[in-house]
Amino acid sequence: MPRYQLKVNSEQHEVEIQSDMPLLWALRDVIGLTGTKYGCGIGQCGACTVHINGIPVRSCSVTAADVAGQDIKTIEGLSDGSAFHPLQQAWIDEDVAQCGYCQVGQIMSAAALLDSNSDPSDDDIDRAMAGNYCRCGTYIRIRKAIHTAASFYEASVQPMVEKQS
Amino acid sequence: MNNDKRGLPESADHWSSFDEIVRAVRKKSRTINRRSFLKLSGLTGGGFVLASVLPGTVIGADTPTLVGSVEMNAYVQVSADGTITIYSGSPEMGQGIKTSLPMIVAEEMGADWDDVVVEQSPLNTDRFGRQSTGGSYTLHLNFDLMRQMGASAREMFLDAGAIAMELPKKELKAQNSRVFHPSGQFRTFAELVAIAYKQPVPEPETLIYKGREEYNIIGTSKSQVDSAEIVTGQGGYGIDTRVPDMLYGVYEKSPSVGGKIKSANLEEIKKLPGVTDAYIIHGNGNVRELSDGVGIVGSSTWAVFQAQKQLKTQWDESAASNDSWTQFAEQSQAINSPTGQDMIVSKGDVDSAFADDDNLVVSAFYEFPYVSHLCLEPMNCTAHYKPGKNGAADRCEVWLPTQNGPRFQGVAKKVYGLSNEQLDIHIMRMGGSFGRRSSNEYVCEAIELSKRTGGPVKLTWSREDSMRNDFFRVGGFEKLKGALNPQGEVVAWEEHCIGVQQDGKSVVGSGFRGGEFPFVTMDACRGTRTMIEMNTLCGPWRAPWSNTHAFVSQSFIHELALAAKRDHVEFLIEMLGKPRWLEPGDIRSINTGRAVDVIRLVADKAGWGREMPDGHGLGLAFYFCHAAHVAEIAEVSVDQNKKLVLHKVTAVADVGPIINMSGAISQVQGAIIDGYSTMMGQKITMEGGRIQQTNLDEYPVLRMGAAPEVDVHFIQSDYKPTGLGEPALPPLAPAVCNAIFDATGERVRKMPLIEEGFSV
């Protein structure tokens with residue numbers, strides 16, 4: 001089987017996998033990063049959302065081969081390890097999760113949103129999060145937590161990103 | 001014919017149904033005496049010591065200290081650094097039980113919640129008591145035990161405090177993980193634990209529980225104890241299990257339920273990349289245990305998913321399901337008379353009321369489809385079957401995502417001859433369940449694969465496998481008929497469910513129960529059913545029976561109120577009658593006083609009766625199920641293209657005192673959004689025995705933009721607390737349909753709404 005270099009959370013991993021293997025399964029089964037979740041396999045639920053070069057991508061719908069060498073960020077690399085990412089902290093504070101299975105994908109989508117729009121409106125949030133399904137129906141708290149995290153963003157030392165919308 | 005008072009379909013006994021659970025626990029609670037309490041507590045003169053006690057050190061004259069931790073009882077462990085570990089015995093699937101039950105223990109114990117660490121307990125019902133979850137009863141049935149565990153530990157700390165501070169015990173209190181005296185003296189639990197665990201275990205009947213006014217943990221909002229793990233991707237779901245030398249597996253079953261395997265292209269499959277082996281496996285004839293199938297194991301989930309797509313399997317489908325939704329619907333519509341074959345409940349003179357020319361008779365026919373559980377975490381299980389060597393017994397280690405571990409123990413004994421002692425079971429967090437993970441077929445499939453490979457195997461069902469092999473919420477049809485007297489009062493109610501049976505037994509969730517409102521408050525009513533044989537698998541789905549019966553009965557009550565030209569709120573309250581608990585002491589029985597209270601409050605909170613803009617409407621529904629009284633009012637608008645906006649849902653629930661306020665609000669919000677998603681777009685159909693929907697592109701789910709504002713209120717009555725996983729769902733669909741009528745004059749009697757031309 002062919003080998004690929006995957007750069008995940010700034011670490012290089014050499015993986016020997018089928019050329020058609022989606023990034024999702026390379027992350028979960030080969031590299032062992034199980035934070036990224038399998039939900040539907042057809043890009044409908046968003047549970048497998050990761051960032052490729054900062055863009056939210058459904059990792060079930062892109063092959064690992066296609067993103068070899070690019071910057072892949074998963075939930076395991078979202079924070080720098082010293083503290084929770086503002087979104088993670090907001091998710092805990094707002095007690096967002098019920099079963100929790102979709103929440104990693106929700107947070108990755110929300111992180112990409114806040115990186116481009118540090119003060120999103122409800123409509124901005126609804127649009128950015130439309131690709132993420134929550135079976136337990138925690139949408140109300142997800143939206144609230146994104147606003148809460150946005151206020152952390154503003155209060156933190158993170159550089160403000162120009163609002164794009 | 002079933003004349004059981006509650007009209008329980010016979011096959012309900014397969015599942016841990018509502019009534020069965022309550023009966024079983026009642027029986028057990030009668031026998032909880034000192035001895036069984038001790039057994040449950042694991043308490044024999046001081047608990048199981050996980051620590052070494054160091055004599056004669058600093059804290060007080062002769063206070064020992066310790067390194068490590070001690071078990072105060074079955075549920076509570078305290079370590080030398082003051083960490084209080086509380087076990088959660090029940091499985092967590094998103095209902096929040098892993099947080100709420102330990103909150104009760106911590107409250108009675110006088111613990112500081114910040115000192116508490118919650119751990120999922122091992123499966124050991126001798127020690128932990130009931131360890132299955134379902135029917136929204138886990139909280140109710142464990143409330144007293146949790147209080148006992150907390151209060152028992154608290155008394156032992158008070159005894160220890162009295163010794164260490166040389167003060168009378170009766171002057172001491174426990175709070176914030178300290179034992180303190182009004183003089184200001186105190187000792188921390190950490191300082192006292194080495195003495196505390198040696199104190200005599202109090203007799204359960206001597207324990208005095210806190211009054212509600214003394215609570216400082218119960219009733220507050222606590223984030224789920226696993227929140228941090230969940231948001232960092234460390235949630236501990238079954239599907240994330242990784243053990244050394246593990247292979248990945250899939251299990252292909254007959255495309256129609258009950259097919260027998262004839263052959264498969266195993267040799268081709270074994271040559272595919274990443275595939276280690278493939279097997280034909282014969283089932284035991286029980287679809288909840290092991291069905292015929294082809295197992296494939298390999299080096300990754302992807303490898304076996306891809307191999308599964310290359311399978312060419314020959315099935316003998318001569319005895320398999322040939323179900324057709326189209327045919328079922330046609331048959332049902334043809335027999336839509338108000339009276340069916342089997343009597344469920346019959347009271348008073350219904351026929352005279354319908355025959356009376358002075359009365360206005362109203363009738364309607366309702367339809368609801370099969371729906372899927374759609375747990376976002378697909379069905380999965382990791383198993384490692386370890387044959388015994390040198391005469392030792394076999395063992396089996398299982399990473400088990402299940403609502404009902406004890407049921408698996410029964411299956412393991414029956415199918416594999418494994419006793420509880422031969423099983424090493426890890427109870428895994430579940431990515432949703434809603435009743436789905438109550439059967440054991442995915443567990444047996446994992447064990448079958450492990451037995452053949454000799455090593456651990458993680459079985460994962462693809463989304464497509466998870467959809468077609470579901471135990472669905474059953475669909476059905478109902479004919480309703482009501483008679484209104486000249487005063488506009490309901491004087492007769494008749495209801496006929498055309499539902500589903502398998503092998504002559506009604507499936508779980510089909511039809512309605514005679515013990516439900518409005519049967520219980522009507523003087524003249526008749527409930528019947530006609531069951532059609534179908535083979536599609538059905539199972540409990542969030543508020544079984546109630547989730548469909550609420551739709552038809554609460555919509556029809558609105559129809560009657562409109563026909564009587566009366567206000568819906570007053571009409572509904574009149575049907576409930578004077579405030580009374582119909583069967584006092586029985587939590588399964590409606591209390592019409594509590595019902596009226598939630599209806600009045602929801603009307604008040606939602607501004608019932610206010611002027612609505614054109615195209616806007618308000619709709620009310622009430623339902624009593626799972627020991628909970630819940631009323632909801634939906635506010636909708638509908639435009640000319642039938643685009644529906646659900647602006648807001650106001651909900652009022654009386655489930656007694658709330659344990660975790662944050663969790664409780666979240667369950668109500670979630671149930672409302674789940675109910676909305678289901679009624680809008682979801683429908684499972686089958687033709688030729690094959691389920692026609694394969695994945696989310698064919699089974700629409702609600703996204704964030706369509707989520708309504710949800711305003712939740714609780715009436716925290718003094719009744720013993722009950723759970724909220726299910727009961728907020730049933731009123732939602734009728735509330736929305738009643739609101740649509742209010743907005744448009746169009747009555748919706750058929751779900752899902754997208755088939756009626758609505759969109760969100």
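List of remarks:
- Cross-link reach list, aspartates and glutamates versus B:LYS642, counting only Cα pairs under 19 Å and skipping chain neighbours closer than eight places: B:ASP614, B:ASP742, B:GLU746, B:GLU755, B:GLU756
- Measuring nothing but how far apart in sequence close Cα pairs (under 8 Å, 6+ apart) lie, relative to its length, region A:3-77 scores a relative contact order of 39 percent.
- Normalised contact order of chain B, rounded percent, pairs of Cα under 8 Å and 6 or more residues apart: 14
- Sites B:GLU746 and B:ALA563 - FRET efficiency at Förster radius 22 Å, r taken between beta-carbons, to 0.05: 0.90
- Less than 5 angstrom separates the built amide H of B:ASP424 from those of B:CYS396, B:GLU397, B:VAL398, all sequence-distant by 5 or more or on a different chain.
- Full extension of the chain segment joining B:ARG580 with B:LYS414 gains 55.2 nm, where the gain is 0.36 nm per residue of separation less the Cα-Cα distance.
- Amide hydrogen neighbours beyond the local backbone of A:HIS85, cut-off 5 Å, H modeled: A:SER79
- Taken as Cα centroids, region B:562-637 and region A:108-132 sit 38 Å apart, rounded to the nearest whole angstrom.
- Distance between the modelled labels on B:THR326 and B:TYR209, one decimal in nanometres: 5.7 nm (7 Å Cα→Cβ projection).
- Cα-based shape type of chain B, given that a ≥ b ≥ c are square roots of the gyration tensor eigenvalues and the cut on a/c is 1.5: oblate
- Computed from backbone phi, the HN-Hα couplings of region B:528-535 come to 9, 8, 10, 9, 9, 6, 9, 9 Hz, rounded to whole numbers (Karplus: 6.51 cos²θ - 1.76 cosθ + 1.60, θ = phi - 60°; Gly and Pro given as x).
- Evaluating 6.51 cos²θ - 1.76 cosθ + 1.60 at θ = phi - 60° for every residue in region A:12-25, the Karplus couplings come out as 8, 10, 9, 10, 10, 9, 4, 5, 9, 6, x, 3, 3, 7 Hz, glycine and proline recorded as x.
- Residue pairs exceeding 25 angstrom between C-alpha atoms, taken from B:LYS481/B:LYS643; B:LYS386/B:LYS413; B:LYS271/B:LYS386; B:LYS271/B:LYS458; B:LYS198/B:LYS222; B:LYS253/B:LYS683: B:LYS481/B:LYS643; B:LYS271/B:LYS386; B:LYS198/B:LYS222.
- For chain B, calculated [θ]222 nm from helices alone, where every DSSP H run of n ≥ 4 adds -39500 (n - 2.57): -8500 deg cm²/dmol
- Integer Hz, Karplus 6.51/-1.76/1.60 couplings in order for region B:641-646, x for Gly and Pro: 8, 6, 6, 9, 10, 8
- Reachable aspartates and glutamates, given that their alpha-carbon falls under 19 Å from the alpha-carbon of A:LYS73 and they are not under 8 places away in the same chain: A:GLU11, A:GLU14, A:ASP29, A:ASP115, B:GLU229, B:ASP240
- Angle between chain A longest axis and helix A:139-155 axis [Cα atoms, degrees, rounded to 10]: 80
- Sequence-distant residues sharing a close amide H with A:SER59 (under 5 Å, placed H): A:CYS48, A:THR49, A:VAL50
- Here, the protein assembly as shown has an Rg and a Dmax of 28.4, 92 Å when only alpha carbons are counted.
Here, each number is a calculation from the coordinates, and none is a lab measurement. Owing to the predicted nature of the structure, the values given are computational and were not obtained by experimental measurement. Reconstructed Cβ throughout: ideal geometry from the backbone, glycine too, with neighbour counts over all protein chains shown.
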